[in-house]
Amino acid sequence: MTRLARTAGLTDVQQEILSTVRDFVDKEILPVATDLEHRDEYPQRIVDGLKELGLFGLMIPEEYGGLGESLLTYALCVEEIARGWMSVSGIINTHFIVAYMLKQHGTQEQKDHFLPRMATGEVRGAFSMSEPALGSDVSAITSRAVRDGDEYVLSGQKMWLTNGGSSNLVAVLVRSDEGHPEGTPPHRSMTTFLVEKEPGFGEVRPGLTVPGKIEKMGYKGVDTTELVMDGLRIPANRVLGGTTGRGFYQMMDGVEVGRVNVAARGCGVAQRAFELGISYAQQRRTFGKPIAQHQAIQFKLAEMATKVEAAHAMMVNAARKKDSGERNDLEAGMAKYLASEYCKEVVEDAFRIHGGYGFSKEYEIERLYREAPMLLIGEGTAEIQKMIIGRRLLEEYRFQG
Ligand SMILES: Cc1cc2nc3c(=O)[nH]c(=O)nc-3n(C[C@H](O)[C@H](O)[C@H](O)COP(=O)(O)OP(=O)(O)OC[C@H]3O[C@@H](n4cnc5c(N)ncnc54)[C@H](O)[C@@H]3O)c2cc1C
């Protein structure tokens, strides 16, 4: 099913990577995704396969053992993977954000230490901003770091870490007052720490506990956790970039590319929902003909396909903008907003086309129906995207009168 969501102007290398990933999704992910999801089972075999394909190092520069590919290549791979199973794209997404932040903001020592092992998937990243009392309002973070000689002592509670259990490196954003006088704006007194830990649950490092998996309505298989820091000692050379007070900007940079990634996931899930809907509509008969022959269903399919195309075009535009070195917060915000909303709508239409069977766990659309809502929230809710879009528009179209 390739008529929709094609991307013009790809290089031979990009096309080859995508066709390999598409093949992997069709053979290794789609046949097992729904069973694994129903059992909430971590897809270890799939993750091993992704490692072999080099996907954990897709955007890591070649000098560190990665493939050195663009954000566009990465986003198109994510779209394919999410078409197979959204949770698998979640497994690589936080890893990708942490690798990106290291590449952009890390010291040379930090890059040398982490990136080669991240490229092979030996080191796996999670990133942590949210806390129990905040998600959208990152400036309200209360977790803190206090300097003690050559170390920092971290305390506080974090919430909603995708890959919090399976990762062994977490980029954690906390408040650090050292060197920042009273009255410094919150976003200038935050620091990202690179916290290494054992994978798993319980006390994973002295002073650091991952209590267990949060039970979720969808997005299963991938672990989502809390993180409790209580006297966690981190050496000063594990401050991302070596200087405190830059964490907010580093994280926002990471989230910006993460938004393209979430948009790509929305595109992938919507494509799969469309595939399922158009296939079912030609098999199910009512009133003497396939339901696809009823105009109301054809209109639904037309709307779904239009949304798939529009979301894909915006996602590709946002990725290309970042790859060209330009600021892309406006495009990434729009793409994330539109793709996640359209994804929810396309999934709902495919669900309706399935009639009662859409409600049965035997049909894949049931899983998609529980997965799509996560995209409305992760990397910033629709309201937060609209705030970003609105502010940028007012900058661009400043009234000159
Ligand atoms: C499955 C899952 C995985 C996640 N993974 C991660 C992760 O890996 N790392 C991480 O750091 N976080 C992660 N998150 C957290 C996620 O980023 C937050 O849930 C999200 O940013 C929203 O924050 P919140 O849940 O605190 O909602 P709130 O910020 O409390 O918002 C509640 C509602 O109020 C609205 N709202 C908030 N402020 C405004 C405003 N100014 N104007 C208008 N409306 C507003 C919101 O849009 C929302 O509808 C994850 C969340 C989920 C569900």
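Bear in mind that the values in this text are calculations on the coordinates, not laboratory data. Predicted, not measured: the structure shown is a model, and the values here were computed from it. Note that we place each Cβ from the backbone using ideal geometry, even for glycine, and neighbour counts take in every protein chain shown.
Of note:
- Rounded FRET efficiency, nearest 0.05, which uses the C-beta distance separating residue 381 from residue 150 and R0 of 41 Å: 0.55
- In region 334-401, Cα pairs under 8 Å separated by at least six residues give a relative contact order of 37 percent.
- Of every Cα-Cα pair in region 249-396, the percent that sits beyond 28 Å: 27 percent
- Here region 200-235 and region 326-364 have alpha carbon centers that stand 29 Å from each other.
- Over all Cα atoms in region 234-326, the spread is summed up by Rg and Dmax: 21.7, 73 Å.
- For the chain, dividing the convex hull volume of the Cα atoms by the residue count gives 150 Å³ per residue.
- Normalised convex hull volume, region 12-120, alpha-carbon set, Å³ per residue: 88 Å³
- Over region 125-245, Cα pairs under 8 Å with separation of 6+ residues give a relative contact order of 30 percent.
- Relative to the dominant Cα principal axis of the chain, helix 108-120 is inclined by about 30°.
- Here the relative contact order of the chain, from alpha carbon pairs under 8 Å that lie six or more residues apart, stands at 16 percent.
- Modelled spin-label separation between residue 196 and residue 275, with each label point placed 7 Å from Cα along the Cα-to-Cβ direction: 4.0 nm.
- Relative to the Cα centre, the charge distribution of region 125-245, modelled as +1 at Lys and Arg Cβ and -1 at Asp and Glu Cβ, gives a dipole magnitude of about 280 debye.
- FRET efficiency for the residue 287 to residue 359 pair, using the beta carbon distance and R₀ = 35 Å, is estimated at 0.95.
- Where chymotrypsin sites (Phe, Trp or Tyr not before Pro) in DSSP loops with at most 14 other Cβ within 10 Å are excluded, longest remaining stretch of the chain: 1-286
- The charge dipole of the chain, taken about its Cα centre with unit charges on the Cβ of Lys, Arg, Asp and Glu (plus for the first two, minus for the last two), comes to roughly 960 debye.
- Loop-located trypsin sites (Lys or Arg not before Pro) across region 291-373 with a Cβ neighbour count of 13 or fewer within 10 Å are 327, 361, with loop assigned by DSSP.
- Rounded to the nearest 10 degrees, the inclination of helix 71-84 to the longest alpha-carbon principal axis of the chain is 50 degrees.
- For region 125-245, with +1 on Lys and Arg beta carbons and -1 on Asp and Glu, the positive-most of 132, 187, 167 along the dipole: 167
- Semi-axes of the equivalent ellipsoid of region 125-245 are 24, 16, 11 Å, computed as sqrt(5λ) over the eigenvalues of the C-alpha gyration tensor in descending order.
- For residue 220, a cut-off of 16 angstrom between C-alpha atoms picks up these lysines, skipping any fewer than 8 places away in its own chain: 361.
- The slack between residue 137 and residue 20, meaning 0.36 nm per residue of separation minus the straight C-alpha distance, is 38.2 nm.
- Candidate lysines for bridging to residue 213, where Cα separation is under 18 Å - those fewer than 8 sequence places away on the same chain excluded: 158, 197
- Aspartates and glutamates with Cα under 17 Å of residue 321, excluding same-chain neighbours fewer than 8 positions away: 69, 253, 256, 329, 331, 396
- Springs between Cα atoms under 10 Å define the GNM used for the chain, and in it the highest mean-square fluctuation of 271, 298, 157 occurs at 298.
- Restricting region 1-98 to GluC sites (Glu not before Pro) in coil, as DSSP defines it, with at most 15 other Cβ within 10 Å: 41
- Candidates per trypsin sites (Lys or Arg not before Pro) in region 1-35, loop by DSSP, up to 16 other Cβ within 10 Å: 3, 6
- Estimated from helical segments only, the mean residue ellipticity of the chain at 222 nm is -16500 deg cm²/dmol, where each DSSP H run of four or more residues counts as -39500 (n - 2.57).
- For region 12-120, the dipole from Cβ point charges (+1 on Lys and Arg, -1 on Asp and Glu) about the Cα centre works out to 240 debye, to the nearest 20.
- R0 of 45 Å, Cβ-Cβ distance residue 395-residue 370: FRET efficiency to nearest 0.05: 0.75
- Taking other C-beta atoms within 10 Å as the exposure proxy, 101, 86, 387 rank 387, 101, 86 from fewest upward.
- The angle separating the long axis of helix 12-24 from the principal Cα axis of greatest extent in the chain is about 70 degrees.
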